Amino acid sequence: MPEAGEARADPGTPAAQDAQRADRRERMSLVRWCVYPLLGGLVLGTVWIAAAPGGLFYGAGTDYQTWDERDLLFSALGLAAALSITVALAASRRRPGLPNRGLSALAGSTLGTLAAWGTGVGLGHVLGARGVSPSVAESAFGLQALSALAVWPAVVALAVLAFTTLWWVPPRDGADSAAAQRPGRRR
C-alpha cells in the first residue's frame, strides 16, 4: 500500500512494464545463479568418480592410502568450480544487485557440492567402483573427510564477502523510493 504522498504507477504505463520486466529479469538471474552451480555439481561428480582412485577406471577402494587422494580430488574440483563462479561474479560487479547474486551463487554452490558428492557416490553404487570389499569398512566410493564438502561454498562465501565489501554501493534513497512505488513490490 502506498504511503501518504506517494502515488502508484499505473500498471499499463511503459515505465511500469519496464519495471516489471526488470524485476522478472533479476529474479531469473538469481535462479540462474542457483541452478548453474547445481548443474555443474552433477558434471563434477561424474568427473570425480571417473578420475579418482578407487572410482570407475583405476585404483582399489580397499587401498586406504588412496582415500586421501580421492578427497583431495573432490576438493580440487570444488575449488575450480568456486574460482569459476568467483570470476563470473567479479565480471558482473558493476551491475546492481551484487549481494543478491552473491547469496544466490552461495546457495547454488552449496547445492552444487552436494550434487557432486551425491552424483559421485550414486554412480559408484550404480556402476560399481573398483576394488570395493565388504570386509573392508569404508571401501565403498565416497568421501572420508566430509570437510571436503565445504571447500566450494567456503571459497564462494569468502569471495561474496570480499566483493560486497569492496564493490557494492547501496542504492540511493531516491532509488529506494522508486522501488517502493513499483507495482507488486512490498516494502
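Only the coordinates and a few stated rules stand behind these numbers; no lab work does. Everything numeric in this text was worked out from a predicted model, so none of it was measured. Ideal geometry is used to build each Cβ from the backbone, glycine not excepted, and the neighbour counts take in all protein chains shown.
Worth a mention:
- Between the beta carbons of GLN20 and ALA162, assuming R0 = 30 Å, the FRET efficiency works out to 0.35 to the nearest 0.05.
- Each other residue within a Cβ distance under 13 Å of ALA107 adds +1 if Lys or Arg and -1 if Asp or Glu, for a net charge of +2.
- Estimated FRET transfer efficiency when R0 is 25 angstrom, pair VAL31-ALA51 (beta carbons, to 0.05): 0.25
- If you take all other residues with their beta carbon under 14 Å from the beta carbon of VAL35, and give Lys and Arg +1 and Asp and Glu -1, the sum is +3.
- Cα-based Rg / Dmax (Å) for region 28-168: 16.7, 57
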